Amino acid sequence: MRHKEAHMMEIREVLESLGADPEKGLEGAEVENRRRRYGENRLRKQAGISPWVILVNQFRNIIVALLVLAVVISLVLHEYLEALAILVVIVLNALFGFVTEYRAGRAMEALKDMVVATAKVVRDGKLIEVDAAGVVPGDLLILEEGDSVTADGRLVEAENMAVVEASLTGESQPVNKQTDSLEAGALPLGDRVNMVFMGTMVVRGNGRAVVTATGEKTEMGGVSALLEKAGQDKTPLEKRLAVLGHSLAFISLGIAALMAVMGIAMGRPVLEILETAIALAIAAVPEGLPAVATITLAIGMTRMARQNAIIRRLPAVETLGSTTVICTDKTGTLTENEMTLEEIWLGGRAIKVTGAGYRPEGDFVAGDRREEVRGDLELFLKTGALASNAAVNRVDEGQWSVVGDPTEGALVVAALKGGFDPEMARQNDYKELKEIPFNSAEKRMAVYYRFPDGQKLLLAKGAPRVIMASCTGMVKDGQVLPLDESARKSVLEVNDGMAGRGLRVLAVAYRPVESETEEPYRDLILLGLAGIADPPREEAGQAIAEAGGAGIRVIMITGDQPETARAIGHRLGTPPGRVVHGAALHDITMAELSDELAHASIFARVNPEDKLDIVDALQKQGEVVAMTGDGVNDAPALKEADIGIAMGQEGTSVAKESADMLLTDDNFATIIRAVKEGRVIFDNITKFIHYLFSCNLSEIMVIFLALLMGLPLPLVALQILWLNLVTDVFPALSLGWEPAERRIMRRPPRDPDQAILTNRFKLRILVQGAVMALGSLGAYVYVLNITGNLEVARTVAFITLAGVQLLHVFNVRGGGIMRLDRTLFSNRVLWGAIVLVVGLQALAVYQPLLNRVLQTVPLDAFSLLIVTVVSLATLAVVQILNRFQFMREPVY
């Protein structure tokens, strides 16, 4: 069979040509044969940026231009060794940038590979979920609302089905699908209404398709549509850092020019002054800013991924730390998402169902006696299970999983407890004739079946009030009685009582029919009510309390009934507030909605479309909103929210691709951990800026003050470059591994519009830079006066400045307060950086080749004592100053 002709063929012909069974699918052995024959269902990945391009880009910046100018001046002065050393600096700087950018790109690719697309297929007669890469031609795809189509296929069943094919055709309107063969051969893809294509989305209804092409053979060809590219755009933080870096470059050039003019005016050698001025200009520019920002973000993203939060877009990392409101679903996020049918109301009888989770083991108990599964109870269980599309599978010894909707899974598990297997029944004597899929707006669904005795029944389930509106009778003790107003009122009271206990309530009904063409929702016979519980996650209550302590408001948004939502909220300890019914949102203005939001903690019976209005209203109040979602209709709200969070396990492909973050465990506590990590990342970038700027400022001030005092220059150009490249960089990089500060989740969210360098932050940098400069200059002047040896004095100044800068890292940790407890050693990478810098500084002083390059000399014990005393004294002075209010910065 030619894939391009499948739309013209009858279903029978397509199935025969592919050797596919429309009921049982392929056998396991045949799947392996076809996988070897056709290969994996993958598309060719787009090539990333060439490593050569990354390398060349490292030489296209102002830093390299300044360094090249320094090389030229060194050559003019016949300082060939110095020129060679600066060239080495240029190469090392380029290699550092290259490795950083290349590894960041590889890290992003690894994170994207963690998001695995899946497909539901029938194999060996069972519905299973597999990686999309494992789909083969001839597989029977099961497609439901919200699914991404993972291969090209010919539809064999389509019930009220519509697919968005914009990724392939550019047409945003959904395409209604059907199964009849088409006569015309050269039809555009958008007109092949009996086909589905890889990368498109099912937005309504459901269907089955036999796979006709996979991988490169699909219409999608060489374009990957399963995953969006992540991490390509610069984040707002990176843009702010880039602007800051460019501003500092111009400022530093101005400072360098001023120093050059002053030095020449004071009679200093012109070329020496120019070389030193250029070195200072280079030192003043924190060229490591973008690199360290990228590394810190990558470290944070990796830590988040280990904690089940995958960041798909880098701006999400920054915005998480500013989140003020989290709008969260209930089911599966705040709860365990192992729905269990706990209670059945059957014509006046309350029946408890024992057993929890998806394991199909348990009994039916009425009062204190075990209930036999027969009569009304048997029909109730069969109706609930046959009107469900979920499948229950054993995944490991004692472990069971549900493929499909968890609520439907609870009905299937209950039927299995009663001895009825719906999958086996469908393969034998129970024939499904037609399904009317669940509609989130109507909150009901129905299916027509022919039972083994030949009787045709319409089976329906849905929200109790919706189903009961279509009922005229009810079953009680094996008899069908009229559902009059008195009986209807009694049933609704039972429904409210069950919902008030935190149960999700579904009504189950049926009606004998002559044909599947009959109107479904009329003259139904109520069988009973199913009370289904999804227990709260143990850690969710603690996470909500932690969010409150961090100044983050949690709003529960659920499609459940208000009573159910209130009961779950009470068990979780959500803050007190109104419970707003979704219907109330349809007739109010935005101003009235804003008032409701000021007092509400729970929104119940909310349609996915209402979430967008809630997000808009919160954002107009100045809130930074995180919104969770898992359905197709959640996509607009996920995109509109500042942080869109999709469920990685139960979320549809549409929701995942609209989100900024995926929760691989669908757990609310993971959101709070991600918020904490977002705050840690911003803290660590702020610490890096604090550290690097104050160190660079100290270098400038040492030279500037020496010029003003008419002293010989305390540092030569290569010593400044060494400090900038070695002493500054390694401790600064290690700050990316800093753990969370104390009480990080006990402070309010950060204002995203607040500048990185606040006025108080600038004051801290200025004061601390001045203290470090004065300490180093003091050591230089003292040694110069007592020895009269300029080389020794310069070496002391060089090592002292390195020492005070190295110890300065403790002034930026822990809010500037150095604590002599276990937190002192909480960052092992930092201590590794300290040991490395001490070793490199020792080489700079005692290694003969470096003595020649850096113009240093070996120091005696007395000089080392001066270096040690001044370094520790400078640390002590800054620590004392940090305890004054004017030096405290409420950033970290």
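The values are calculated or read from the model by the stated rules, or taken from the named source; none is laboratory data. Just so it is clear, the model here is predicted, and its values are computed rather than measured. A quick note on method: Cβ atoms are made from the backbone with ideal geometry, for glycine too, and the neighbour counts reach across all protein chains shown. Calculation scope for accessible area: heavy atoms of the full protein, side chains included, ligands and nucleic acids excluded. Shrake-Rupley method; radii C 1.70, N 1.55, O 1.52, S 1.80 Å.
In 5 Å bins starting at zero, report the fraction of Cα pairs in segment 556-596 per bin as a rounded %.
Answer for segment 556-596: a P(r) of 5, 21, 29, 21, 16, 6, 1 percent.
May I ask you to derive the FRET efficiency for VAL480 and LYS620 from their Cβ-Cβ distance with R0 = 41 Å, giving the value to the nearest 0.05?
Calculated value: 0.15.
If you put +1 on each Lys and Arg Cβ and -1 on each Asp and Glu Cβ, how big is the dipole of the chain around its Cα centre, in Debye rounded to 20?
Taking the Cα centre of the chain as origin, the dipole is about 3160 debye.
For the chain, what is the Kirkwood hydrodynamic radius in Å, using each pair of distinct C-alpha atoms? The partial results should precede the final answer.
Working: mean 1/r = 0.0316 Å⁻¹.
The answer is 31.6 Å.
From the P(r) of segment 676-719, can you give the percent of Cα pairs sitting at distances over 15 Å? Don't skip to the end; give the middle numbers.
Numbers: 547 of 946 pairs.
Roughly 58 percent, rounded to a whole number.
By average Cβ neighbour count within 10 Å, what is the ranking of 553-561, 575-583 from highest down?
Values: 553-561: 23.4, 575-583: 15.8.
Those peptides, ordered most packed to least, come out 553-561, 575-583.
Kindly provide the Kirkwood hydrodynamic radius of segment 683-786 in Å, to one decimal, from all pairs of distinct alpha carbon atoms.
Working: mean 1/r = 0.0636 Å⁻¹.
After inverting the pairwise mean of 1/r, the radius is 15.7 Å.
Using only the alpha-carbon atoms of segment 290-420 as identical scatterers, what base-10 log of I(q)/I(0) does the Debye formula give at q = 0.19, 0.22 Å⁻¹?
-1.03, -1.26
Using only the alpha carbons, work out the radius of gyration and Dmax of segment 402-491 in angstrom.
Radius of gyration, then largest Cα-Cα span, for segment 402-491: 14.9, 42 Å.
Using Cα pairs under 8 angstrom and six or more residues apart, how large is the relative contact order of the chain, in percent?
On the way: 1697 pairs, mean separation 99.3, N = 892.
Computed value for the chain: 11 percent relative contact order.
Using a 1.4 angstrom probe on heavy atoms only, work out the carbon and sulfur share of the accessible area of the chain in %. Please report the intermediate quantities before stating the final value.
Values: 20880 of 37350 Å².
Carbon-and-sulfur percentage of accessible area, whole number: 56.
In the full protein assembly as shown, how much of PHE438 is accessible to a 1.4 Å probe, in Å² to the nearest 10?
For PHE438, the solvent-accessible surface is approximately 110 Å².
Relative contact order for segment 748-892 using alpha-carbon pairs under 8 Å, separation at least 6, rounded to a whole percent?
Value for segment 748-892: 36 percent.
For VAL88 and GLU397, calculate 0.36 nm times their separation in residues minus their Cα-Cα distance, and state this gained length in nm to one decimal.
Values: separation 309, 0.36 × 309 = 111.24 nm, distance 6.11 nm.
That works out to 105.1 nm of additional length.
Using helices alone, I'd like the mean residue ellipticity at 222 nm for the chain: each DSSP H run of four-plus residues gives -39500 (n - 2.57), total over residue count, nearest 500. Before the final figure, lay out each step's value.
Details: 29 runs with 403 residues, N = 892.
Rounded to the nearest 500, it is -14500 deg cm²/dmol.
Could you report the chain's accessible area per residue, 1.4 Å probe, as an integer in Å²?
Solvent-accessible surface per residue comes out at 42 Å².
In Å and whole numbers, how far do the C-alpha atoms of segment 791-892 stretch along each principal axis, longest first?
46, 27, 22
Take every Cα pair under 8 Å in segment 506-616 that's 6+ residues apart, average their separations, divide by the length, and report that relative contact order as a whole percent.
Values: 121 pairs, mean separation 27.7, N = 111.
It rounds to 25 percent for segment 506-616.
Which entries of LYS177/LYS382; LYS120/LYS443; LYS24/LYS434 show an alpha-carbon separation above 21 angstrom in the structure shown?
Numbers: LYS177/LYS382 30 Å; LYS120/LYS443 24 Å; LYS24/LYS434 18 Å.
Long pairs (Cα-Cα over 21 Å): LYS177/LYS382; LYS120/LYS443.
Would you list the P(r) distribution for segment 523-627, with all Cα-Cα distances sorted into 10 Å bins from 0 and each bin expressed as a whole %?
Over segment 523-627, the share of Cα pairs per 10 Å bin runs 13, 43, 31, 10, 3, 0 percent.
Quick check on segment 339-413: what does the Kirkwood estimate of hydrodynamic radius come out to from the alpha carbon pairs, in Å? Each step should come with its number before you reach the end.
On the way: mean 1/r = 0.0775 Å⁻¹.
About 12.9 Å for segment 339-413.
Quote the FRET efficiency, to the nearest 0.05, computed for PHE250 versus VAL835 with a Förster distance R0 of 41 Å and r equal to the Cβ-Cβ distance.
Details: r = 37 Å, r/R0 = 0.90.
Efficiency, rounded to the nearest 0.05: 0.65.
For a Förster distance of 35 Å, can you work out the FRET efficiency between the beta-carbons of ARG819 and HIS599, rounded to the nearest 0.05? Write down the numbers at each step before the final one.
Numbers: r = 42 Å, r/R0 = 1.20.
Efficiency, from the Cβ-Cβ distance: 0.25.
Find which of THR564, MET259, LEU663 sits farthest along the positive direction of the dipole of the chain, computed with +1 on the beta-carbon of Lys and Arg, -1 on that of Asp and Glu, about the Cα centre.
Of the options given, the answer is MET259.
Length gain on complete extension for the stretch LEU492 to ALA591, per 0.36 nm per residue less the alpha carbon to alpha carbon distance? Walk me through the numbers before you get to the answer.
On the way: separation 99, 0.36 × 99 = 35.64 nm, distance 3.38 nm.
Value of the extension gain: 32.3 nm.
Taking the square root of 5 times each eigenvalue of the Cα gyration tensor, what semi-axes in Å does the equivalent ellipsoid of segment 742-813 have, largest first?
Numbers: eigenvalues 280, 32, 13 Å².
For segment 742-813, the semi-axes come out at 37, 13, 8 Å.
If a helix is a whole DSSP H run, which ones in the chain reach 18 Å or further along their own axis (Cα) and hold a mean Kyte-Doolittle hydropathy of at least 1.6? Mind showing how you got there, number by number?
Numbers: long enough: 62-76 (21 Å, 3.50); 80-113 (49 Å, 0.95); 236-265 (44 Å, 1.42); 270-284 (21 Å, 2.03); 289-306 (26 Å, 1.04); 485-500 (22 Å, -0.44); 608-620 (19 Å, -0.68); 668-708 (60 Å, 1.09); 759-787 (42 Å, 0.90); 790-807 (25 Å, 1.51); 828-846 (27 Å, 1.85); 861-882 (31 Å, 2.15).
Sorted by number, the helices that extend far enough and score high enough are 62-76, 270-284, 828-846, 861-882.
Can you tell me how much longer the chain between ASN428 and ASN759 gets when fully stretched, taken as 0.36 nm per residue apart minus their C-alpha distance, in nm with one decimal?
That pair, ASN428 and ASN759, stretches by 111.5 nm at full extension.
Which values, in whole Å and largest first, are the semi-axes of the equivalent ellipsoid of segment 453-589 obtained as the square root of 5 times each eigenvalue of the Cα gyration tensor? Let's see the in-between values first.
Values: eigenvalues 278, 49, 41 Å².
Each semi-axis is the square root of five times an eigenvalue, giving 37, 16, 14 Å.
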